[in-house]
Amino acid sequence: MKCPRCKTTDLKPTMIDEYLPAMGCGTCHGCLLSLLYYRHWAETQQPAAGPAGTQSAGATLEATDTTTAITCPKCARVMAKYKLSGRISNRLDVCSTCDEAWLDGGEWELLEALQLSHKIPAIFTDAWQRRIRRELTEETRREILTRMIGADGTAKVEEFRAWLAQGKHRSHILTYLYRS
Ligand SMILES: [Zn+2]
Ligand SMILES: [Zn+2]
């Protein structure tokens, strides 16, 4: 099997984690992960409980990402791309026919830093992808509002909205505001 990224390099057996085998590329350090093995690993291995506070959500890691479409090294079909989160551009490539995922070099470490290394199947769900799109839309709308009314105004609006969401008089207040 050739690396789907480098095309000419052969994939060789490697270990992503203790008990988690994969086929790795020595050139780009990407690897092909059997999701069958992965699911067994995720069920039997607990997420590493590092000292509290060491895994900051804003961890920046050097992870490469193949932005162009790649084909599955096993069946040569184009692999589907799934976003990890709204803030990170990296996407995982998956072949649902072969039940294999392609991780670019550094992406496993990125998943660990985002505490997603045990949640890979969730990323491949419609619900996960929909949530990311919603977050992005929300963020874009907030940016537009900030450009129009400034950061202070946006903060006030956010505060008011949060307060409104908690209270039980929401509809009365909204009716009042719309009419004024
Ligand atoms: Zn490669
Ligand atoms: Zn395939």
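The values are calculated or read from the model by the stated rules, or taken from the named source; none is laboratory data. Here the structure is a predicted model, which means the values were calculated and not measured. Note: ideal-geometry Cβ built from the backbone for every residue, glycine included; neighbour counts use all protein chains shown. Side chains are part of the model used for accessible areas, which takes the heavy atoms of the whole protein and leaves out ligands, DNA and RNA. Shrake-Rupley method; radii C 1.70, N 1.55, O 1.52, S 1.80 Å.
Observations on the model:
- Axis angle, to the nearest 10 degrees, between helix 126-166 and the longest C-alpha principal axis of the chain: 30 degrees.
- CD proxy at 222 nm, helix term only [per DSSP H run n ≥ 4: -39500 (n - 2.57); per residue of the chain; nearest 500]: -13000 deg cm²/dmol
- Accessible area of the chain divided out per residue, in Å², using a probe of 1.4 angstrom: 66
- Summing +1 for each Lys or Arg and -1 for each Asp or Glu among the other residues whose beta-carbon sits under 13 angstrom from that of Cys6 gives +2.
- Three-way shape call for the chain based on the alpha-carbon gyration tensor, with the a/c threshold at 1.5: prolate
- Protein heavy-atom surface of segment 72-180, 1.4 angstrom probe: 54% of the accessible area is carbon and sulfur, with nucleic acids and ligands not counted.
- Against the main long axis of the alpha-carbon atoms of the chain, helix 35-44 sits at an angle near 70°.
- Listed residue (Gly24, Leu136, Ala69) projecting farthest to the positive dipole end of the chain, Cβ model: Leu136
- Gyration tensor (alpha-carbon) shape descriptor, segment 107-151, a/c threshold 1.5: oblate
- Among the listed pairs Lys81/Lys156; Lys83/Lys168; Lys119/Lys156; Lys12/Lys81, those whose Cα-Cα separation exceeds 26 Å are Lys81/Lys156; Lys83/Lys168; Lys119/Lys156.
- Extension gain for Glu159 to Met15 (0.36 nm times residue separation, less C-alpha to C-alpha distance): 47.0 nm.
- Counting only Cβ charges, +1 for Lys and Arg and -1 for Asp and Glu, the dipole size of the chain around its Cα centre is about 940 debye.
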